[in-house]
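Each remark here refers to the structure printed beneath this line.
What follows is calculated from the coordinates using simple rules that are stated; it is not laboratory data. The shown structure was predicted, so the numbers you read here are calculated from the model rather than taken from an experiment. Note that each Cβ is placed from the backbone with ideal geometry, even for glycine, and that neighbours are counted across all protein chains shown.
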Amino acid sequence: MSAILVTGSAGLVGSDAVRFFAAQGLDVVGIDNDMRAQFFGQSASNMPNIARLTAEVERYIHHDLDIRDRAGVHRVLKRYGPSLRCVIHAAAQPSHDWAAGEPETDFSVNATGTLVLLEAVRTHCPDAVVIHVSTNKVYGDRPNRLPMEALASRYEVASEHRYRARGIDEDMLIDHCMHSLFGVSKVAADMMVQEYGRYFGLQTTSLRCGCITGPHHAGAQLHGFLSYLVQCAVLERPYTVFGYEGKQVRDNLHSSDLARAFWAVFQNPGSGRVYNMGGGREASVSIREAVAICERLTGRPFPVSYSGAQRKGDHIWWITDTARFEADHPDWFRSYDRERLLTELVQTWTELAPRMLG
């Protein structure tokens, strides 16, 4: 048997990875205990995803397990042992707002949970390719020190700056800046994944992702900005923009494109590798621009309110330069731009609306 392990298997990233790798003929072992419902409430629960995966993916085996449960994680990895060819670590507490309220829980999930998994891999399946879903929050608020231009609907890096054309690369420093508690826990995990590659020789890669979205995203106010924004637009619910007049920019990556990036790493792994991963300039959008596109796609106004207080450590502008990843994995490409992303999300939430509105 050839199998892979996916932690956070019921989430947006994990569930797309499950489906993609199962379609390639691999058995998929999933770990997920739906902590997302604890983080963001029942409306953000991933239980429907667990039910769909169990019913629809024949090669999927689910384990209801906390990633911090050392004995449980070792038990699962020992059971499958060397047959595990790849481990995709997508389980995480993903919100820096939530982390500020419960920093110990955040650190235990993101940092300690990652260490538990790495040690289990080293013990039971040391030849497996380990792919860690990291975050661009490891760079803290350092991107906010870039020279910015305030345009009508978005911020942009100054036209003469080297990041203007392709975005931010992996050479940006990660220290001497504010990270948020979430950012710090993910830095710890990111560095530990690198170290298990460099020190112990495991095949590890960290993908520092920005905003990820897709039709299976259970967006909430504290996490999953684009999905939550579209949900509010379609269901005609209030939406509040925090800071920067709604001109802050994110490049959104579709979860299916990320799943193909996992496959690319699986085909060409390394030890202690780090890549920035995101949607690039073609998928970049400000909140103001996203609101305008939603109004056009739904055919009705989308009134939003603006709060002057931005979140601590929040990026003003982030576009990802994926040139290093593309150089090492030349067959990988992005298939979604901003228009296709938002069109798909509007269609998804429009289909869900009758059920959600009762």
### Query
Under 21 Å from the Cα of K247, which lysines turn up, not counting those fewer than eight places away in the same chain?
K137, K312
### Message
Explain nothing, just compute: Karplus ³J(HN,Hα) = 6.51 cos²θ - 1.76 cosθ + 1.60, θ = phi - 60°, for every residue of region 276-289 in order, whole Hz, x for Gly and Pro.
### Response
6, 9, x, x, x, 4, 5, 9, 7, 7, 8, 5, 4, 5
### Query
How large is ³J(HN,Hα) for each residue in region 129-134, as worked out from phi by the Karplus curve 6.51 cos²θ - 1.76 cosθ + 1.60 (θ = phi - 60°), to whole Hz, x for Gly and Pro?
7, 9, 10, 9, 7, 8
### Query
Under a GNM of the chain (C-alpha, springs under 10 Å), which listed residue has the highest mean-square fluctuation: S307, S45, S255?
S307
### Message
Order these by the 10 Å Cβ neighbour count, fewest first: L229, L115.
### Response
L115, L229
### Query
Counting Lys and Arg as +1 and Asp and Glu as -1, each charge on the Cβ, what is the dipole of region 3-356 about the Cα centre in debye, to the nearest 20?
80
### Query
Amide H neighbours of S271 under 5 Å, counting only residues 5+ apart in sequence or on other chains, H built in-plane at 1.01 Å?
T204
### Message
Give me P(r) over the chain, computed from all C-alpha to C-alpha distances, binned every 20 Å, as integer percentages.
### Response
31, 60, 9
### Summary
Largest fluctuation, A290, A264, A152 only, Gaussian network model of the chain with Cα springs under 10 angstrom, belongs to A152
### Task
Please list 120-132, 324-336 highest first by mean number of surrounding beta-carbon atoms within 10 Å per residue.
120-132, 324-336
